1. Could you work out the relative contact order of the chain? I mean the mean sequence separation of Cα pairs under 8 Å and 6+ apart, divided by the number of residues, in percent.
2. In the chain, which helices (entire DSSP H runs) extend 24 Å or more along their own long axis, judged by Cα positions, while averaging at least 1.6 on the Kyte-Doolittle scale?
3. How big is the accessible area of His66 in square angstrom, nearest 10, if you roll a 1.4 angstrom probe over the protein chains?
4. Excluding ligands, DNA and RNA, what is the solvent-accessible area per residue of the chain at a probe of 1.4 Å, expressed in Å²?
5. Give me D for segment 360-444 in µm² s⁻¹, whole number, from Stokes-Einstein with Rh from the Kirkwood sum over alpha-carbon pairs, 20 °C and 1.002 mPa s.
6. Round to the nearest 10 and report in Å² the accessible area of Lys343, as given by a 1.4 Å probe over the protein chains' heavy atoms.
7. Can you send over the carbon and sulfur percentage of the accessible area for the chain, probe radius 1.4 Å, protein chains only?
8. Let me check something: with ligands and nucleic acids excluded, how do Val382, Val118 order by accessible area (1.4 Å probe), largest to smallest?
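The values are calculated or read from the model by the stated rules, or taken from the named source; none is laboratory data. What you see is a predicted model; the values in this text were computed from it and never measured. Cβ: placed from backbone, ideal geometry, glycine included. Neighbour counts: every protein chain shown. All accessible areas refer to the heavy atoms of the entire protein, side chains included, with ligands and DNA or RNA removed. Shrake-Rupley method; radii C 1.70, N 1.55, O 1.52, S 1.80 Å.
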Amino acid sequence: MTRLVVGVGGRAGVSVAEVCALIEETLRGAGLTAEAVAALATVEAKAAEPGLLGAAERFGVPLVGHPAAELALISVPHPSGAVREAVGTGSVAEAAALAGGGELLVPKRRSMAATCAVATLRAHDLRHHGDAEVLDADDALVDLAVNVRADTPPAWLKERIAACLGDLAAYPDGRTARAAVARRHGLPAERVLLTAGAAEAFVLIARALDAVRPVVVHPQFTEPEAALRDAGHRVERVVLRAADGFRLDPAAVPEDADLVVIGNPTNPTSVLHPAATLAALARPGRILVVDEAFMDAVPGEREALAGRLDVPGLVVLRSLTKTWGLAGLRIGYVLAEPEVIAKLAAAQPLWPVSTPALVAAEACLEPAALAEAEAAAGRIAVDRAHLLAGLAEFDEVTVVGEAEGPFVLIRVEGAMEVRTRLRALGFAVRRGDTFPGLDGSWLRLAVRDRTTTGRLLQALDHALALAGR
């Protein structure tokens with residue numbers, strides 16, 4: 001279990017009940033549990049405040065007091081000038097939460113007389129991905145941890161890729177594939193950049209766009225934040241609440257954030273945000289990055305922003321690896337304003353996308369392939385409905401939000417034990433605790449055909465029974 005520290009602040013005389021209620025609401029909204037709290041922390045001058053001491057006693061954890069001078073050195077995402085003038089730090093709650101060297105999980109929340117913020121005592125493993133669940137696994141293990149739709153590309157696509165192998169002596173030429181992407185979205189070619197999958201695009205964005213205050217909306221794919229941190233950025237998180245169905249309120253994003261990253265549909269929550277909600281995040285001087293890696297698994301690609309010219313600073317990422325079983329080939333692309341594309345391209349090495357990947361891109365963007373992808377999206381929707389109906393039969397399982405992607409996020413008591421037992425029964429599922437905003441009670445399940453889902457539901461019934469003993 002990820003251990004947490006809750007930074008707290010309060011006016012003189014704040015009640016124990018108010019502090020506890022604020023902390024409990026904050027934890028619940030972020031999908032966290034009180035059992036994960038290792039300590040409350042505050043500024044030294046408040047460490048004797050009865051309301052804070054009483055709250056720590058109720059949670060059964062210590063109240064740690066930090067010197068004001070120490071907290072003043074910690075950068076906080078939501079500073080208050082009045083608090084800084086009075087105490088020396090822009091936010092007692094956020095600075096105290098971060099004083100242990102962890103990562104801010106939930107930014108400052110307020111009640112009438114108290115504030116709190118939540119940080120991890122250890123960072124989430126941002127580089128843990130679904131493939132780790134099946135590395136060195138037995139071939140008999142059914143992979144529900146990776147979100148690639150098929151375990152192999154279709155025969156016609158393999159033939160197209162194989163046919164280009166005689167051309168490997170020549171350097172790759174991406175102009176035809178770039179033009180194919182441009183036609184697909186009705187854009188000029190100068191608004192397109194081909195990349196070695198979406199993961200490379202995140203690295204380019206982190207290195208080339210000089211963000212001052214980057215914000216990543218979580219829970220989501222962790223690679224954008226990992227790339228930003230590797231590039232030396234201090235990343236701020238906006239953590240969506242399970243209580244809200246993991247839906248975004250644009251007002252939660254700081255007004256002066258100059259780089260905002262969000263997935264749509266979001267991995268791992270499977271929530272499809274309205275295009276209008278995401279477009280409302282656009283601001284002059286802000287880069288808005290929308291990861292649409294799974295959008296082609298949504299029938300009609302409703303709520304897509306790819307191809308939009310009316311959203312300033314918009315950067316859309318697409319991947320061709322998920323629908324077509326090409327994770328090992330690495331092919332994706334970026335759609336953005338020409339100036340942004342030029343900056344990203346300047347950060348790429350020469351010939352970043354291989355000839356087989358370029359050929360695959362062209363093939364997957366032809367009309368027949370697009371029609372096949374749309375038909376597959378329809379089947380995914382039917383298969384997902386079957387999975388959701390089966391999950392609804394379990395009292396121990398909760399699906400939060402309305403799933404629209406090729407995967408489903410579930411909350412289940414004893415999830416880590418259930419995951420282990422499912423593996424013993426032949427199914428690999430994705431742990432949720434490596435996603436900021438989630439803890440060890442969450443699992444992600446890939447949507448598969450009805451036969452596979454039926455077998456999974458039987459295994460889940462068995463795993464839950466064993467875990468409940």
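1. 17 percent
2. none
3. Answer for His66: close to 30 Å² accessible.
4. 41 Å²
5. 145 µm²/s
6. 110 Å²
7. 53 percent
8. Output order, biggest surface exposure first: Val382, Val118.
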